[in-house]
Each structure stands twice: as structure tokens, then as C-alpha cells.
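Okay, so here's the structure we're looking at.
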Amino acid sequence: ADVSGWVARVGLHEYRGAFGEGLVDGRRLLGLTLHELEHELLIPSAEHRMVIEMELGELKLRNGLLSTAERARHRKAHPCIEGWSAKEVRKLLEATGLGRFAAAFFSRGVGGDELLRMSGDELRAVMAEQASREEASAREAAAQ
């Protein structure tokens, strides 16, 4: 399996070297734990480890590698947002610590299907717009 390619496809290309140096092949990839990601592959970001865990779960789910109980735990931890309205996406962002960006996605009418189709660059652009608005607002407040 092309583990390096998979790591890049899930948007974490900066860790391709860690997976290569850790001799992570397809079989090992499927069995990685959060502990191994942090302590053996030295992935420093808790958020990035969580993304890897979620993406591994999705990979296993798509390939029928999860038991019924594992599938239920995965779906509870990482709900499927296909078909969600912009309001439901806003609630998800607020509930997961990304509330600062919720209004930007909501004002664009980004529902679950569109959110899933957005590239990393598109997601970063929406988030950057929100950060710029906040900075401008802070400058405005400081000038008064």
C-alpha cells in the first residue's frame, strides 16, 4: 500500500517522512494507535493525531474492516455529515472547538456535502477570511 500517498491525501503531507522512517506499511497503518502516533512516529499535534485516527477509521470502514461495535464507536466519534444543512455544520464547528469559524461557513451556506467536497486550500481560505475580519475588527476597536 502507498502509505506516503495516503498520508498526503488526508492533508498531512508533512508527516510522510515520519511514516516512512517508522517503516509504516499498509498492515501497520491499519493497526496504529494514538499512542504509537505520538510516541513512535512523533506526531506532535493532538489535532493531527485525531485526524489520522479519524481517517484510518474511515479507511477501515470503507474496506469493511470494522466490527459492528467498532463501526458504531467510529460513527459516534466521527459523525457522517453528508446531507447536513449549513445550520448543522455550524453546530458541529461550534461543538468541536472551531466555533470561531462557524459564522463564516454558515454565511456561505456550507452544508455537509459542500464541506466534504472542499479542498484544504478552500477550507483554509474561509478560515483566513474569518481571521482577517477578526483582525480588522480588533484594529477598529483599538482605534476608537
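Numerical summary
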| read-out | value |
| --- | --- |
| Separation of the Ile81 and Leu98 label points, Cα + 7 Å toward Cβ, nm | 0.4 nm |
| Inter-label distance, nm, simple model (7 Å from Cα along the C-beta direction), Arg108/Leu34 | 2.9 nm |
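Rule-based calculations on the coordinates, nothing more; no lab input. These numbers were taken from a predicted model, which means no experiment stands behind them. Cβ: placed from backbone, ideal geometry, glycine included. Neighbour counts: every protein chain shown.
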